[in-house]
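Below: one structure, written as structure tokens.
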Amino acid sequence: MTDTSELPVRVRMAPSPTGPLHIGTARTSLYNFLFARHVGGTYVLRIEDTDLARSTVEQEQDIIDTLHWLGITWDEGPQVARGDDIGSYGPYRQSMRLDLYAAEADRLMASGAAYHCWCTPEELEAVRREQEAKKEAPRYNGRCLRLTHADREQFAREGRQPVVRLKVPPETIRFDDLIRGEVEFDNALLGDFVIVRASGVPLYHFVVVVDDEKMDITHVIRGEDHLSNTPKHIALIRALGYREPRFGHIPLILNPDRSKMSKRKSQTAITAYREQGYLPEALVNFLAFLGWSPGTEEEIFTLDELSQRFDLAHVHKAGAVFDVDRLDYLNGVYIRSLTDEQLALRLRPFLPDALDDAAVLRVTPLIKERLVRLADATELTAFLVESDAEVAALYDADALVPKGRAPADAARALAIARDTLDALTDGDFSADVLETRCRRAAEELGWKAGDFFRPLRAAVTGRGVSPPLFGSMELLGRDRVLARIDSALGKVSAEAPTA
RNA sequence: GCCCCCAUCGUCUAGAGGCCUAGGACGCCACCCUUUCAAGGUGGAGAUCACCGGUUCGAAUCCGGUUGGGGGCACCA
């Protein structure tokens with residue numbers, strides 16, 4: 001068998017714990033997950049931590065947690081950052097598979113497909129500069145391939161540690177990409193690349209190929225940035241006598257300027273979105289449509305629906321700009337689709353303890369339609385948490401006095417409102433009753449309801465914009481509402497020229 | 001510089017030769033609803049399908065070139 005087309009489908013995602021879970025990695029993981037679910041294949045998580053210097057267990061933990069948070073689960077791989085892997089192809093961390101890579105590197109050395117290279121970084125740099133000056137492709141010149149036995153002994157005596165390079169045959173590499181179709185590269189342009197560091201720790205291109213073979217991966221679905229790396233992988237596969245998997249390169253997620261999405265120009269950590277109160281359902285739906293569509297005009301899908309519909313045939317070739325406005329819209333759609341109870345539960349972590357669970361549940365219907373992100377609830381409910389004095393500190397004439405009216409008018413309206421509400425018992429202090437009474441008062445005054453409500457809203461919430469006024473007053477309670485109107489009255493009266 | 005990939009409204013996309021005088025969504029604008037803000041409803045602006053040549057009775061859809069954009073060329077992944 002020279003390829004994997006007869007094998008049961010196994011795909012993998014291979015994040016590197018050198019930073020928090022990246023949007024692009026999440027989307028690639030999602031596509032692999034959806035593909036595996038759709039065809040009934042196996043989905044493997046493998047941690048690519050061969051860059052020992054930059055990999056940390058904290059970041060690995062973040063990746064695992066965040067993937068779970070998104071609802072992405074795997075059939076094989078680590079479950080927590082400790083090592084109770086599930087699956088029979090483990091271990092699933094490359095740092096724990098070093099012996100395997102060393103053995104495969106030895107095989108390559110023994111067969112003559114790879115060789116030691118003693119060139120120093122300085123020497124390599126010099127060659128590269130020379131090539132650039134001559135406008136040639138920067139690649140290794142094969143100097144150490146022509147070393148004599150004596151040369152090697154000399155280097156060894158100097159204490160120099162060699163790297164291992166693959167001898168790349170000058171041949172044309174062709175493969176049928178699942179998304180892009182026939183792609184062709186000339187490996188004569190490649191140069192012999194390094195597969196094992198001088199430290200003995202193997203490099204990405206090498207380990208990815210070894211693991212994909214040993215883990216029986218049949219479909220390698222990854223970002224387009226790996227398209228140009230594929231001929232290296234195929235060269236390695238051939239040198240090692242492995243089976244060739246199918247490759248599929250999905251389009252990149254882009255910054256607004258259409259460059260590859262980066263931390264420098266965009267918010268790339270999924271955690272950051274989570275902290276702002278984006279729902280995982282919205283993020284998943286949004287990410288799925290960045291480079292794929294079901295071919296219809298439907299656009300709201302759950303994870304389950306996505307796994308039923310997802311197919312590689314509808315994956316785009318062109319990159320997609322990450323459009324936060326669209327994410328915001330989707331997030332709102334998902335927030336509004338939640339019941340009050342569900343939403344209250346999600347809101348809990350974003351609201352202060354001063355608001356108890358019952359209070360959170362009571363404000364939820366008032367703010368539901370106004371939330372773009374869960375974190376927005378903090379500002380929307382601040383008037384409930386703030387003391388009367390804090391609210392009073394926010395009072396300003398502009399919000400308190402309706403346009404076209406004098407401060408004295410606002411004072412009069414406020415005074416009337418105060419008397420109206422004062423006449424109510426605690427038991428009558430409900431949104432419905434409040435609204436009826438206040439409307440009647442406005443009418444008697446001869447004011448438009450909206451004008452009458454404006455100073456009231458400002459007095460009660462300290463803001464010109466707030467959740468629905470009467471529901472807010474009900475939540476606040478009679479005493480606090482009255483107290484706030486009193487201090488607003490004081491503020492407005494001070495503004496007004498003596499009547 | 002070399003190699004590779006890509007190209008439909010500002011953005012995400014539908015479109016697999018006639019159904020397209022190009023559809024939907026986000027955003028934007030207007031109006032309606034309305035106690036503010038939202039949400040919702042209705043309508044609108046917005047794409048000579050990058051350009052130029054072919055193929056065809058017929059092309060956004062196929063082919064070639066041009067231009068533009070992106071990615072890759074590490075002892076990072």
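Summing charges over neighbours of A:ASP65, with a neighbour being any other residue whose Cβ is under 12 Å away from its Cβ, gives -2 when K and R count +1 and D and E count -1. Angle of helix A:357-367 to the longest C-alpha principal axis of chain A, folded into 0 to 90 degrees and rounded to 10: 90°. P(r) tail for the range A:176-242: Cα pairs beyond 20 Å make up 31% of the total.
Across the range A:111-208, C-alpha contacts under 8 Å between residues 6 or more apart give a mean separation that, scaled by the residue count, equals a relative contact order of 29 percent.
Placing a pseudo-label 7 Å from each Cα along the Cα-to-Cβ vector at A:GLU182 and A:GLU58 gives an inter-label distance of 5.1 nm.
Close amide H contacts of A:GLU244 (hydrogens built in the peptide plane, cut-off under 5 Å, sequence separation of 5 or more or a different chain): A:ASP3, A:THR4. Scaled against 2.2 N^0.38 Å for its residue count N, the alpha carbon radius of gyration of chain A is 1.38. In this simple spin-label model, placing a label point 7 Å from the Cα along the Cα-to-Cβ direction at both A:ALA431 and A:ALA137 gives a separation of 6.7 nm. Tilt of helix A:230-240 relative to the longest C-alpha principal axis of chain A, in degrees (0 to 90, nearest 10)? So the helix axis and the longest Cα principal axis differ by about 40 degrees. Overall form of the range A:293-451: prolate. Here a/c, set by the Cα gyration tensor axes a ≥ b ≥ c, is 1.5 or more, and a/b is the larger of a/b and b/c. For the Cα trace of the range A:428-499, dividing Rg by the Kirkwood Rh returns an Rg/Rh value of 0.97. Here the 3J(HN,Hα) profile of the range A:42-55, calculated from phi with Karplus coefficients 6.51, -1.76 and 1.60 at θ = phi - 60°, is 9, 10, 10, 9, 10, 8, 9, 10, 7, 8, 4, 5, 9, 8 Hz, Gly and Pro shown as x.
Near the amide H of A:PHE322, within less than 5 Å, lie the amide hydrogens of A:LEU254, all on another chain or at least 5 residues away, with H placed in the peptide plane.
Entry note, the range A:36-77: relative contact order of 61 percent, from Cα contacts under 8 Å with a spacing of 6+ residues. Taken over the alpha carbons of the range A:74-143 as equal point scatterers, the Debye sum produces base-10 log I(q)/I(0) values at 0.14 Å⁻¹ of -0.71. Distance from the C-alpha centroid of the range A:248-278 to that of the range A:1-79: 18 Å, rounded to the whole angstrom. Do any GluC sites (Glu not before Pro) in the range A:393-499 lie in a DSSP loop with no more than 14 other beta carbon atoms within 10 Å, and if so, which? Qualifying residues, ordered by number: none.
On a 26 Å Cα-Cα criterion, which of the cross-link pairs A:LYS214/A:LYS263; A:LYS135/A:LYS232; A:LYS214/A:LYS265; A:LYS232/A:LYS260; A:LYS368/A:LYS403; A:LYS167/A:LYS263 come out too long? In this structure, A:LYS214/A:LYS263; A:LYS214/A:LYS265; A:LYS368/A:LYS403; A:LYS167/A:LYS263 exceed 26 Å between Cα atoms. So what's the angle, to the nearest 10 degrees on a 0 to 90 scale, between helix A:121-133 and the longest Cα principal axis of chain A? For helix A:121-133, the angle is close to 90 degrees.
Distant-in-sequence amide contacts of A:ARG12, defined by a placed amide H-H separation under 5 Å and a gap of 5 or more residues or a different chain, comprise A:VAL44, A:ILE221. Absence of a disulfide-compatible partner, taken as no other cysteine beta carbon within less than 4.7 angstrom, is noted in chain A for A:CYS119, A:CYS438. Placing R0 at 45 angstrom, the Cβ-Cβ distance between A:HIS68 and A:GLU386 gives a FRET efficiency of 0.80 after rounding to 0.05. Length available on full extension from A:LYS265 to A:ASP99: 0.36 nm per residue minus the Cα-Cα distance, which gives 55.8 nm. For the range A:247-293, the Stokes-Einstein estimate of translational diffusion at 4 °C and a viscosity of 1.567 mPa s comes to 108 µm²/s, using the Kirkwood hydrodynamic radius over alpha-carbon pairs. All other residues whose Cβ lies under 10 angstrom from that of A:GLU171 are scored, Lys and Arg at +1 and Asp and Glu at -1, for a net of +1. Across chain A, the relative contact order, built from alpha-carbon pairs under 8 Å that are at least six residues apart, equals 13 percent.
Ordered by the count of other Cβ atoms within 10 Å of each Cβ, fewest first, A:GLU244, A:GLU125 give A:GLU125, A:GLU244.
Computing FRET efficiency as 1/(1 + (r/R0)^6) for A:ARG129 and A:GLU444, where r is the C-beta to C-beta distance and R0 is 60 Å, gives about 0.10.
Quick note: the coordinates plus some simple rules give every number you see, no bench work behind them. Source: prediction; values computed, not measured. Neighbour counts are summed over all protein chains in view; Cβ atoms, including those assigned to glycine, are modelled from backbone coordinates with ideal geometry.
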